[in-house]
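> Dropping the structure in here first, questions after.
The values are calculated or read from the model by the stated rules, or taken from the named source; none is laboratory data. None of the values given here were measured: they were computed from a predicted structure. We place every Cβ from the backbone using ideal geometry, glycine too, and count neighbours over all the protein chains shown.
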Amino acid sequence: MQKLFDFLERRLLPPLNKVANTKVIRGIMNAGLTAVPFTIVASIFLIINNLPQIFPFAADFFQRTILRFSGFYMVASMMALGSIAIYYALAVGYYYVEEYRRSGEEQLNSFTGAILALLAFLMTIPSVAFVKGTATTKTTPITAGSGTVAGVTFSGGWLSRFGGVGIFIAIITGILAVQIYRWCINHHVTIKMPAGVPDGVSRSFASLIPSILIAIVMIVINLLLGLAGTDLHQLLSAPFAFVKNLTGSWLGMVVILLLIHLLWIVGVHGTAIVKNSFVNPILLVALTENIKGGHNIFAGDFINMWVFIGGAGGTLGLVLLMNFAAKSQQLRVLGRTALLPGIFNINEPVIFGAPIVYNPYLILPFIINPIVTASLAYFAIRIGLVAQVSSSIAWILPVGFGAWLGTSGNFPAAILALVNLAVSIVIYYPFFKLYDQKLAAAEQPVSPEVV
């Protein structure tokens, strides 16, 4: 077991930690967290629109009442989730600049970084091609809420490239825009206003030359791709689809979960490093595709619904064992302390209090349990026993309730979450029993030696 710990600390942790602590990854991670409220807002109204499916016995009532206003409230869903790439572009620009400001480049302005990133992203939206040697944008009238403008599909009256499919383009162009902005500021390629000019005016002129350079760079990129008969979105669609399919496979999901939990057992926040930094944007794209009729199993809050029951490692089952089966005082007290946070999927008290970190008794179930429960959920969805993820949820929702909401009211999804909780109890039990006996024995008072 010590060899495993040594391997993780020397071989796996340093490169992952180094990548996760780069400015660009921290900026992307913070941008992803910024986008979470918008996905939840969109999902709230999607759930309202699905009330007839959630409560079929009251379908006629919903059709006569609240669904009559669907055209109004679904605008919130369309603009929150359908514009998610715009929010990503702004957030990446803002937080990426913030990382540089923290490292000493205080002359940069985070808001300027945000709007420059948005400019770069927006310049990728139209599709321009050469027709008979002339740059041409194809435009057709919008009818019945759909159509094509400049080669870009409109769905429900809104640009598809502003939605989930544009997230990775927003990240790439945001990084590019910030680097151009940094270069201009650090090399004094900017317009400086005299002292006494209001800050707002100074910032406006300071961003003028970076804006021009970003526009020129994006024009050149679009021109080169246009000569090749494509654009940035089309060019990256194939490799991104490959990555999404790879991570969305059963094996890809298992590898992701394995990395997350291997980091946790050496005391590193594996969820933040692997899931929040690298995987969440892919899961969000898969979720937006599901909402539009796609069929991605590993999407949205899949992990929170069926795997992280009580937090990483699915430790709510372990907490319940501590409360109802522990003989050692240490685990009984910890179980009572950790129960309420565990119900809401917060498990740092268990990970560091049991502890699970560096604990040879508990690391095996901590790694095995998520893989087993994720596999059960994956194949249950694949064979049609459980509905796929179709709504975003808050990760703190208790077991079953989050799965029910995240699948727009699918009761088998809630039952599966409860089944996974029971499975986690079974997996943790033999390891918990050994650890509990060890602690209970250590707590016994030592009898005085009889002379």
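> I'd like the full set of residues that are among the polar types (S, T, N, Q) and either under 12 Å from Ala286 (Cα atoms) or modelled with pLDDT under 70 (or both), limited to the range 155-171.
Listed by number, the list holds a single entry, Ser155.
> Restricting attention to the range 113-134, which residues are surrounded by 12 or more Cβ atoms within 10 Å (Cβ to Cβ), at pLDDT below 75 and among the aliphatic types (A, V, I, L, M)?
Ala129
> Scan the range 252-299 residue by residue and report those that are within 19 Å of Ile171 (Cα to Cα) and either of a type in the set (A, V, I, L, M) or modelled with pLDDT of 90 or more (or both).
Ala272, Ile273, Val274, Val279, Ile282, Leu283, Leu284, Val285, Ala286, Leu287
> So, in the range 359-398, exactly how many residues are farther than 30 Å from Gly82 by Cβ and surrounded by 24 or more Cβ atoms within 10 Å (Cβ to Cβ)?
6
> How many residues are in contact with a Ser or Thr (Cβ under 9 Å, 6 or more places away or on another chain), closer than 25 Å to Lys23 by Cβ and modelled with pLDDT under 90 if we restrict to the range 175-207?
The number of residues fulfilling the criteria is 4.
> Closer than 22 Å to Asn345 by Cα and modelled with pLDDT of 85 or more: does that describe Met218?
Taking the combined requirement at face value, the residue does not satisfy it.
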